[in-house]
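Below: the structure, in structure tokens.
Read-outs: derived from the displayed coordinates by stated rules, not from any lab. Everything quoted here is computed from the prediction, not taken from an experiment. Counting neighbours? That spans all protein chains shown, and the Cβs are built from the backbone with ideal geometry, glycine included.
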Amino acid sequence: MKDDDNPMSKAHAAPRCTANSKRTGEQCKAPAVKGWSVCHFHGAGGGHGAGPSHPSWRHGMRSREWTEARAEINSLVRETRKIERMLSGGEAS
Ligand SMILES: [Zn+2]
């Protein structure tokens, strides 16, 4: 029988899941979900969005945007203190 005659040949040629089995350590041989490199069992189609749609989102003050803003402010404060110390002649206050 030619390969083209087998209606399952296309299904068998489907890209395979790239995950490795936790139990055997071998690669999972299940077909990968379309648009993913893994099968459904190994996480395809899962996860959630970032930002306010994230299930753990509360007030947004821990968001990347605010965390970066705080880091910037803190570095400015550090810089200011350094300048203050320099202006005071390095005396211990
Ligand atoms: Zn898999």
Lone unmet requirement of (1) in contact with a strand residue (DSSP E or B) (Cβ under 8 Å, 6 or more places away or on another chain); (2) more than 16 Å from the ligand (Cβ to nearest atom) for Arg85: (1)
Give the number of residues within segment 1-30 that are assigned to a loop (DSSP other than H, G, I, E, B) and either in contact (Cβ under 8 Å) with a residue 60 or more places away in the chain or hydrophobic (A, V, I, L, M, F, W, C) (or both). 8
Residue count for segment 30-42, restricted to those that are more than 8 Å from the ligand (Cβ to nearest atom) and either hydrophobic (A, V, I, L, M, F, W, C) or more than 19 Å from the chain's Cα centre (by Cα) (or both): 4
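Looking at this structure, is Ala69 of a type in the set (A, V, I, L, M) and surrounded by 10 or more Cβ atoms within 10 Å (Cβ to Cβ)? Can you show your working first?
Working: of a type in the set (A, V, I, L, M): yes; surrounded by 10 or more Cβ atoms within 10 Å (Cβ to Cβ): yes.
When the stated conditions are applied, Ala69 passes them.
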Six or more apart or on different chains, Cβ under 6 Å: which pairs go from a residue in segment 31-43 that's farther than 21 Å from Met8 by Cα to one that's within 6 Å of the ligand (Cβ to nearest atom) and among the aliphatic types (A, V, I, L, M)? Could you list them? His42/Ala19
Just checking, does segment 54-68 include any residue being at positive phi and either among the β-branched types (Val, Ile, Thr) or more than 16 Å from the ligand (Cβ to nearest atom) (or both)? yes
Among the residues that make up segment 83-90, is at least one of them surrounded by 10 or more Cβ atoms within 10 Å (Cβ to Cβ), assigned to a loop (DSSP other than H, G, I, E, B) and not basic (Lys, Arg)? yes
Given the options Gly51, Gly45, name the one that is more than 16 Å from the ligand (Cβ to nearest atom), surrounded by 10 or more Cβ atoms within 10 Å (Cβ to Cβ) and on the phi > 0 side of the Ramachandran plot. Gly51
